[in-house]
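Visitor: Quick one: this structure, given as structure tokens, is what I'll be asking you about.
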Amino acid sequence: MAGKDGDVLHHDFYTAERWNNWLNQVKESDFKFEESDEPQGKEGAIFVNMEDDIILACLKIIAKCEKKQVSPESALEYVAQIRDVALAEIDSISEDADLMIDSLQTSLIGSFAACECYLGGDYDEKDSVDDLVKVALEAEASDDIEIALATVAEIGALILKGNSFSDKTMEEVPYGLVAEWLDGIESISAAMVGSDSYKDDEEDDGKN
């Protein structure tokens with residue numbers, strides 16, 4: 001796999017086959033919402049693991065970029081390739097599973113936008129995460145969806161830079177697109193404070 005500026009890496013960060021493996025697991029799980037309308041048990045965990053798997057792949061790309069093993073331009077290209085795999089329209093599995101995957105893909109829109117914003121340097125390190133959350137919500141309320149997503153992307157870039165949300169701010173975010181995108185940003189934050197194995201150069205066998 002090579003980037004447009006000649007970078008050659010020894011493995012694919014994420015493949016369509018890997019994504020399809022997850023979709024097959026969803027099919028086999030026969031996932032259904034319980035009465036609480038919340039994903040339950042092992043079946044519900046599949047969707048969390050699907051999202052984490054993609055986010056870790058993106059974090060690996062960012063780590064290699066920060067080590068100057070891949071250029072920012074190629075890193076952006078690799079993230080775009082993962083985005084195209086994960087956000088492609090899928091065949092219907094079941095009503096409940098389709099709802100979960102739709103929510104997961106919406107969440108990942110925020111994750112990908114954050115990675116692209118960070119790699120492109122399109123953010124101001126002096127900005128406040130909590131203030132930007134308010135800006136994003138105001139944009140959503142005014143139906144300025146592009147501005148809302150661009151603001152969420154900047155929030156994600158700041159999280160990738162090491163900033164954090166305040167619990168109070170997140171508790172006050174009403175359900176909507178911004179909330180779902182921010183869920184993708186929170187998943188990035190959680191992955192960063194978990195295992196940092198994504199920073200290693202070990203081979204990834206592409207299996208899950």
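The values are calculated or read from the model by the stated rules, or taken from the named source; none is laboratory data. This one's a predicted model, so the numbers in the text were calculated from it and none came from an experiment. Positions of Cβ are backbone-derived with ideal geometry, glycine not excepted, and every protein chain shown enters the neighbour counts.
Visitor: Can you tell which of 133, 79 is outside any loop (DSSP other than H, G, I, E, B), buried (at least 16 other Cβ atoms within 10 Å of the Cβ) and touching a Cys at 6+ places or on another chain (Cβ under 6 Å)?
Guide: Unique residue meeting the criteria: 79.
Visitor: Of the conditions (1) over 19 Å from residue 50 (Cα atoms); (2) touching a residue at least 60 places away in the same chain (Cβ under 8 Å); (3) in a helix (DSSP H, G or I); (4) not hydroxyl-bearing (Ser, Thr, Tyr), residue 70 satisfies every one except a single condition; which number is it?
Guide: Against the list (1) over 19 Å from residue 50 (Cα atoms); (2) touching a residue at least 60 places away in the same chain (Cβ under 8 Å); (3) in a helix (DSSP H, G or I); (4) not hydroxyl-bearing (Ser, Thr, Tyr), residue 70 comes up short only on (3).
Visitor: Among the numbered criteria (1) of a type in the set (Ser, Thr, Tyr); (2) farther than 21 Å from residue 149 by Cβ; (3) buried (at least 17 other Cβ atoms within 10 Å of the Cβ), which single criterion is violated by residue 118?
Guide: Result: residue 118 passes all but (2).
Visitor: Here is a list of conditions, (1) under 13 Å from the mean Cα position of the chain (by Cα); (2) of a type in the set (D, E, K, R); (3) closer than 22 Å to residue 164 by Cα, and residue 126 meets all of them except one; can you say which number that is?
Guide: It fails just one condition, (1).
Visitor: Within segment 1-59, take every residue that is closer than 14 Å to residue 96 by Cβ and assigned to a helix (DSSP H, G or I) and give me the one that is modelled with the lowest pLDDT.
Guide: My answer is 41.
Visitor: Being of a type in the set (A, V, I, L, M) and buried (at least 20 other Cβ atoms within 10 Å of the Cβ) is the filter; apply it to segment 82-100 and report the residue that is nearest to residue 163 (Cα to Cα).
Guide: By that ranking, first place goes to 82.
Visitor: So which of 84, 127, 144, 53 is out of contact with any Cys (no Cβ under 7 Å at 6 or more places or on another chain) and within 16 Å of residue 181 (Cα to Cα)?
Guide: Unique residue meeting the criteria: 144.
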